Amino acid sequence: MEYKQSEKQAVLDAIKNCSSSLSFDNLKAITGLGLMELSTLIGLLVKENRILVRFNHAKDKSYLYKSSGEALYDRFKDLLFLYRGKERKVAFYASELCISPKYLTAVVKECSGKTPTEWINETAIREIEYMLCHTQSSIKEIVNELKFPNLSFFGKYFKAHKGMSPKYYRTAYLNTQLSSL
């Protein structure tokens, strides 16, 4: 089933307007969507990296212990989601977390098996892919929004990670979408 952009936007607006955590039942009441529609839309928004879902384990009194490293890693991942590719330096995230880049690298590598640079690049590429395929923004607008120094650097960065130019990637995606109709 295909969902309208307005239904996605209604869910995003409800989440944005909530000042604290939001239960599924509250979201259902605010949007007026049914259980299946809301579940599917939330899944799509998570897949598109538009929202981050956290489960509250405290309600059923099953508290989870997290080491300080795991908690720091979770905070790093939250920052990645918040900045969505606009910041691509480990030093920036380390500064936000009030730790050294070397310590951040050690903790993230221990917790996830990947370096912060790998996480940052994956997040930036996911955001670029989303913007290329799901927005009408020009490539130059994407460059500006994601704070790349120039169009040339952006093209080289994307090609190094995806093996093709951003323009070719967008065209290939659009052709795939049209051929599936």
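Some points to look at:
- Long-range neighbours under 6 Å by Cβ, at least six apart or interchain, first residue closer than 14 Å to S165 by Cα within region 125-150, second open to solvent by 90 Å² or more (accessible area, probe 1.4 Å) and outside any loop (DSSP other than H, G, I, E, B): V143/L151
- Residues satisfying the stated conditions in region 139-164, i.e. open to solvent by less than 50 Å² (accessible area, probe 1.4 Å) and assigned to a loop (DSSP other than H, G, I, E, B): L146, F148
- Count of region 114-138 residues, restricted to those that are surrounded by fewer than 18 Cβ atoms within 10 Å (Cβ to Cβ) and not hydroxyl-bearing (S, T, Y), is 9.
The values are calculated or read from the model by the stated rules, or taken from the named source; none is laboratory data. These numbers were taken from a predicted model, which means no experiment stands behind them. In this analysis, Cβ positions are derived from the backbone assuming ideal geometry, glycine residues included, and neighbour counts consider all displayed protein chains. Please note that ligands, DNA and RNA were not included when accessible areas were found on the heavy atoms of the full protein model with its side chains. Shrake-Rupley method; radii C 1.70, N 1.55, O 1.52, S 1.80 Å.
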